[in-house]
Amino acid sequence: MKTKIGDVAKLAGVSPTTVSRVLNNRGYISKETRENVHKAMRELNYFPNDLARSLFNKRTNLIGVIFPTTSNPFYGELIFHLENICAEQGYKVLLCNSLNSIEKEEKYVEMLLRNQVDGIIVGTHNHGIIDYHKQNLAVVAVDRYLSETIPIVSCDNYDGGRKATELLVSKQCEYIIHINGQSDIETPAQQLRRKAYEDVLHKCGKKPITYEVPQTFDPKSQDEIIQRILDEHPHVDGVFASNDLFAASFIREAKRRGKKIPGDVKVVGYDGTETAQTLLPELTTIQQPIYSIAQTTVDMLLKGISGEFHNIKSETKLPVTLIEGETT
């Protein structure tokens, strides 16, 4: 038979109300009583009902996290930090891997609401979540423009794009191409990195050329665009890729065609994840402060859960770092 709270109370020599107060950390409980209750719980192998406790506390201590994919090194590392930071604060994470499918995102949001999450961290283009935010659900976006009322955390994408492009210019690159994701997805990463690239080249009197990967997380789509770039612009001598995976794919294809890196083409990536630095340590890249992004996001969400969104900036940009390697 399943152990009940009354069984714990009987063994500990206290009332069921006292056991409940220990579990929910409510009111004054002597150290001896608290230890007796926990000892009884261990002896009886009793685990408190989280659902019942959430109804009592009006909190589930659950946070929903919606991102396009966990296989991308940037998202994988970011989610790793988000989960750890949430756990340190006593929250469990329900992770939703949407693959940028609007239908999947909508179903995930409904699932999170059914589980009565205390808040949601969004890293996808789900505009439908705005309606749920209006119902006083705490929401923080990571590198996504969702609405004026949903705070956003990102790296300083414009500064990162500027640093990358200015480095290529300083290396005497004359024919610099930018590889980006889909322009119809409204993100600071897509818009500001590209704008910085264009602004720097216009200032230098050079023509900006941007290629968009239509399916950002599909390796085949990446390879097709990179092959087009090298077919249509054989004299390219500088590439600014909006993520390290694009940069790695370009380097691989360029070398296959006999081009030397950095002799013939200089390449700068973006993200600077631990995975990329381990597998391609020679890559020059713009490193995002991934841990700081995670910490800032969780801090904001917890303030929102506590009803303190009025004290939060609408947009937070964290500084990036240029890591110059052998590809430039």
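The values are calculated or read from the model by the stated rules, or taken from the named source; none is laboratory data. Since the model is a prediction, treat every value here as computed from it, not as a measurement. Every residue, glycine among them, receives a Cβ derived from its backbone with ideal geometry; neighbour counts consider all protein chains shown. Just so you know, the surface numbers come from the protein's heavy atoms only, side chains and all, with ligands and any DNA or RNA stripped out. Shrake-Rupley method; radii C 1.70, N 1.55, O 1.52, S 1.80 Å.
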Using a 1.4 Å probe and counting only protein heavy atoms, arrange E315, E148, E77 so the residue with the most accessible area comes first. E148, E315, E77
Which percent, nearest 5, of DSSP beta bridges in the chain are antiparallel? 10
Semi-axes of the stretch 73-120 from the Cα gyration tensor (sqrt of 5 times each eigenvalue, largest first, whole Å) come to 20, 16, 5
Chain lengthening between D299 and E32 when straightened (0.36 nm per residue, less Cα-Cα): 92.7 nm
In degrees between 0 and 90, to the nearest 10, how far off the longest principal axis of the chain does helix 244-256 point, with axes built from Cα atoms? 40
Taking the Cα centre of each part, how many Å lie between the stretch 290-323 and the stretch 181-207? 24
For the chain, report the accessible area per residue in Å² (1.4 Å probe, heavy atoms, rounded to an integer). 50
Evaluate the relative contact order of the stretch 82-231 (contact order divided by residue number), counting alpha-carbon pairs under 8 angstrom at least 6 apart; express in whole percent. 15
Pairs to check: K207/K313; K163/K206; K207/K317; K207/K266. Give those whose C-alpha atoms are more than 25 Å from each other in this structure. K207/K313; K207/K317
So what is Rg over Rh here for the chain, counting just Cα atoms and using Kirkwood for Rh? 1.12
Hey, in the GNM for the chain with a 10 angstrom Cα cutoff, which one of P208, P234, P73 fluctuates hardest? P234
Relative contact order in percent for the stretch 1-120 (Cα pairs under 8 Å, 6+ apart) equals 24
Cα-centre dipole for the stretch 141-275 with unit charges at Cβ (Lys and Arg positive, Asp and Glu negative), debye to 20: 580
So the compactness index of the stretch 203-328, its C-alpha Rg divided by 2.2 N^0.38 Å, takes the value 1.31
Mind checking the dipole of the chain: about its Cα centre, +1 per Lys or Arg Cβ, -1 per Asp or Glu Cβ, Debye to the nearest 20? 1100
Which residue fluctuates the most in the chain, going by a Gaussian network model with Cα springs under 10 Å, if the choices are G263, G181, G76? G263
The chain: relative contact order as a whole-number percent, Cα under 8 Å and 6+ apart: 17
Taking springs between alpha-carbon atoms closer than 10 angstrom, which of A196, A12, A294 fluctuates most in the Gaussian network model of the chain? A12
